[in-house]
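The values are calculated or read from the model by the stated rules, or taken from the named source; none is laboratory data. For clarity, every value in this text was computed on a predicted model and none was experimentally measured. Because the Cβ atoms are built from the backbone with ideal geometry, glycine has one as well, and the counts that use them run over all protein chains shown. Areas reflect the complete protein model, heavy atoms only, side chains present, ligands, DNA and RNA absent. Shrake-Rupley method; radii C 1.70, N 1.55, O 1.52, S 1.80 Å.
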Amino acid sequence: MHIENGRYMLEGGVDPLRLAEKYGCPLYVYETSTIKRQYDRLHRAFRLKKLKINYACKALNNISVLKYLRSLGAGLDTVSIQEVRIGLIAGFKPEEIIYTPNCVSIEEISMAVELGVKINIDNLSILEQFGHLYPHYPVCIRINPHIMAGGNTKISVGHIDSKFGISFHQTPHIHRIVKAHDMVVEGIHMHTGSDILDIDVFLQGAEILLQVAEEFKDLQYVDFGSGFKVPYKEDDIETDIEELGEKITDRFRQFCDSYGRELTLMFEPGKFLVSEAGFFLVRVNVVKQTTSTVFAGVDSGLNHLIRPMLYDSYHRIANISKTEGRSRIYTVVGYICETDTFGVNRKLTEISEGDILAFYNAGAYCYTMASNYNSRYRPAEVLVHEGRDYLIRERETMEDLVRNQVNIDIFRNEPLSLNAPGDVLSESLKHREFIHMPTKKTEQDV
């Protein structure tokens, strides 16, 4: 998003204020141009003929976004059988999907086998069960390199106390199971964490993984995971993907030469591809002055964007209704019945009630972590592609909140049946919650 002729604009001259008016707030908006820019950066950085970028769809799993990434040539990294099925619906072929679960049952893994996707196993118990049931189905093995990496302890997943992966010290146990069941190991994998800034830490993990890979003679690919840091603030630091790409490319070529044939190098970026592509638009409900703070209360909360509360993550905030004027200091908060603070002491162009604020870096782990807490609706999603906007997910309604509830007819004096539409379930009611929603569905721009 940039300022053009005194207004904030998205790619192709799309006005975010018009989107807020057209689709209502709160609203998630994603730009395809940014996704493509990041995807192309990876391909330029890692100069290998056999390079595969598998998008980690847990970051953002809207089917339209998945279709776009597939059109760029990406594969898909999944962590649940449901994500596998979403990927198939989006048009990915089974062989383009890798399934990397943790702490799931062998029954769920069997479902993935039936769908024909790549299987990545991260514990010895499941590996042994898998070998007994499917000795000839190729597998990938997730290794834990015992490296503490990542921007937050909650997203550091490659250290010795992590639940993820099989310790590289347990490689002899892996070989025993593989030999006992005559298994085919086609890949070796690691993922150490998210928001990795120090490329030397990544290279250290890569060395450990390649040492393990040397012991398996039928490999088709080595998967280095991801975790590349993106900027969240102006002038913020990020992973030097170009320097990392140069070093990894040279080292992987050396490995392939010693291994005796060229293998595929895989990565599984999520945040790197979609974080900067997303913006979250909210409307200011109230400006509240207290004895110590000026709050800007918006029509959203931790139910829609939980990262600042869960990870203490920073999201840049801008008042896109006003590009000029004096600035004031605000603490931006949500409408949830908890302390849901998005940003403390932020310097913003003076806010009036009704202004639209934009949260940056809202493409990754934002909508996918949203909930119906406080019985609030999850917002709509819009994709901006080549100067046009497309509604790719409708805003939820009251019917969505109660759809799967079962009304057991054992209590007296029931005020309303969940199965009776009536005015309570009607979106036509002019309650405060619906003021910022369009009165009717708006056709997409085509």
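Estimated from helical segments only, the mean residue ellipticity of the chain at 222 nm is -8000 deg cm²/dmol, where each DSSP H run of four or more residues counts as -39500 (n - 2.57).
Net charge within 11 Å of residue 122 by Cβ-Cβ distance, Lys/Arg positive one each and Asp/Glu negative one each, not counting residue 122 itself? Charge balance in the 11 Å sphere: +2.
Above 30 Å, the calculated P(r) of region 61-269 contains 20 percent of its Cα-Cα pairs. Please compute the modelled spin-label separation between residue 43 and residue 132, points set 7 Å along Cα→Cβ, answer in nm with one decimal. With each label point 7 Å from Cα toward Cβ, the separation is 4.5 nm. Highest GNM mean-square fluctuation among 218, 236, 122, for the chain modelled with Cα contacts below 10 Å: 236.
Between helix 199-213 and the chain there is an angle of about 40 degrees, using the helix long axis and the longest principal axis of the Cα atoms. Once C-alpha pairs closer than 8 Å and six or more residues apart are averaged by separation and normalised to the residue number of the chain, the relative contact order reads 19 percent. Round to the nearest 10 and report in Å² the accessible area of residue 177, as given by a 1.4 Å probe over the protein chains' heavy atoms. Its heavy atoms expose roughly 10 Å² to the probe.
Just to verify a number: what accessible area does residue 216 come out at with the full protein assembly present, 1.4 Å probe, Å² rounded to tens? That residue has around 10 Å² of solvent-accessible surface. About its Cα centre, region 1-117 has a charge dipole of approximately 580 debye under the convention of +1 per Lys or Arg Cβ and -1 per Asp or Glu Cβ, with nothing else charged. Over 27 Å between C-alpha atoms is what I'm after, so list which of 58/118; 229/347; 247/271; 22/229; 36/217 land there. As for pairs spanning more than 27 Å Cα to Cα, those are 22/229; 36/217. Label positions at residue 407 and residue 235, each projected 7 Å from the Cα along the C-beta direction, are separated by 6.0 nm.
Look at the alpha carbon pairs under 8 Å that are at least 6 residues apart: their mean separation over the length of region 171-236 gives a relative contact order of 45 percent. Build a GNM of the chain with springs between Cα atoms under 10 Å apart, and of 87, 297, 116 the one that fluctuates most is 116.
Each label point was placed 7 Å from the Cα along the Cα-to-Cβ direction; for residue 197 and residue 102 their separation is 2.3 nm.
For the chain, the longest principal axis of the alpha carbon atoms and the long axis of helix 241-259 meet at an angle near 20°. Of the residues 335, 68, 314, 39, ranked by 1.4 Å probe accessible area with the largest first, the sequence reads 314, 335, 68, 39. Once you have a ≥ b ≥ c as the square roots of the Cα gyration tensor eigenvalues for region 11-90, tell me rounded if a/c is under 1.5, and otherwise prolate or oblate according to whether a/b is larger than b/c. Because a/c hits 1.5 or more and a/b fails to exceed b/c, region 11-90 counts as oblate. The protection proxy used here, the mean number of other Cβ atoms lying within 10 Å of each residue, ranks peptides 402-411, 281-290 as follows, highest first: 281-290, 402-411. Potential lengthening of the chain between residue 352 and residue 373 amounts to 4.9 nm, from the contour at 0.36 nm per residue minus the alpha-carbon distance. When peptides 348-358, 134-144 are sorted by average Cβ neighbour count within 10 Å, with the highest value leading, the order is 134-144, 348-358. Relative to the Cα centre, the charge distribution of region 61-269, modelled as +1 at Lys and Arg Cβ and -1 at Asp and Glu Cβ, gives a dipole magnitude of about 640 debye.
Look at the dipole of the chain built from charges on Cβ: of 212, 20, 65, the Cα furthest out on the positive end belongs to 20.
Listed options for P(r) over Cα pairs in 10 Å bins from 0, in percent are (1) 4, 12, 14, 12, 8, 7, 7, 8, 10, 8, 5, 4, 3, 1, 0; (2) 4, 19, 27, 23, 16, 8, 2, 0; (3) 5, 23, 34, 28, 10, 1. The value calculated from this structure is the one marked (2).
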